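Worksheet: the structure to be examined is printed underneath.
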Amino acid sequence: MKVVTVRQIPRELARAIERRARAARTSVNKAVIGLLEEAAGLAKKEGARPRHHDLDALAGSWTDEETAAFNRSLQAQRGIDPDVWT
């Protein structure tokens, strides 16, 4: 994600952003991002699913064979070692 520094925010604008953050029970940073998204026409639509910036690109991308191989590789980790848990 890009980091942007904004300087010399007018006092009234800063207060409006802080009010918006308090009303939404969120951070000032998230309030600013929300305002920028709205201004750019990128605001989330009502009922839209939230975006996450983690492994979304991988969701649904594995074949059945890849999924089976992954599950087989995890099988050894799912066991309980009786020497440790007695």
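The values are calculated or read from the model by the stated rules, or taken from the named source; none is laboratory data. Keep in mind that this is a model prediction, so the values were computed, not measured. We place every Cβ from the backbone using ideal geometry, glycine too, and count neighbours over all the protein chains shown.
Quick check on my filter: what residues within segment 3-24 are exposed (fewer than 10 other Cβ atoms within 10 Å of the Cβ) and either modelled with pLDDT under 90 or among the aliphatic types (A, V, I, L, M) (or both)?
Matches in segment 3-24: V3, V4, V6, A23.
For the subset of segment 39-86 comprising residues that are among the charged types (D, E, K, R) and either more than 30 Å from I17 (Cβ to Cβ) or touching a His at 6+ places or on another chain (Cβ under 7 Å) (or both), which member is modelled with the lowest pLDDT?
Looking at the filtered set, the residue picked out is D81.
Give me the pairs, please: first residue somewhere in segment 29-40 and at negative phi, second residue anywhere and at pLDDT below 90, beta-carbon distance under 6 Å, and either six or more positions apart or on two chains.
Taking only residues 6 or more apart or on different chains, the pairs are E37/A43.
Scan segment 1-22 and report the pairs whose first residue is more than 30 Å from D54 (Cβ to Cβ) and whose second residue is surrounded by 10 or more Cβ atoms within 10 Å (Cβ to Cβ), with Cβ atoms within less than 8 Å and a gap of 6+ or a chain change.
I9/I17
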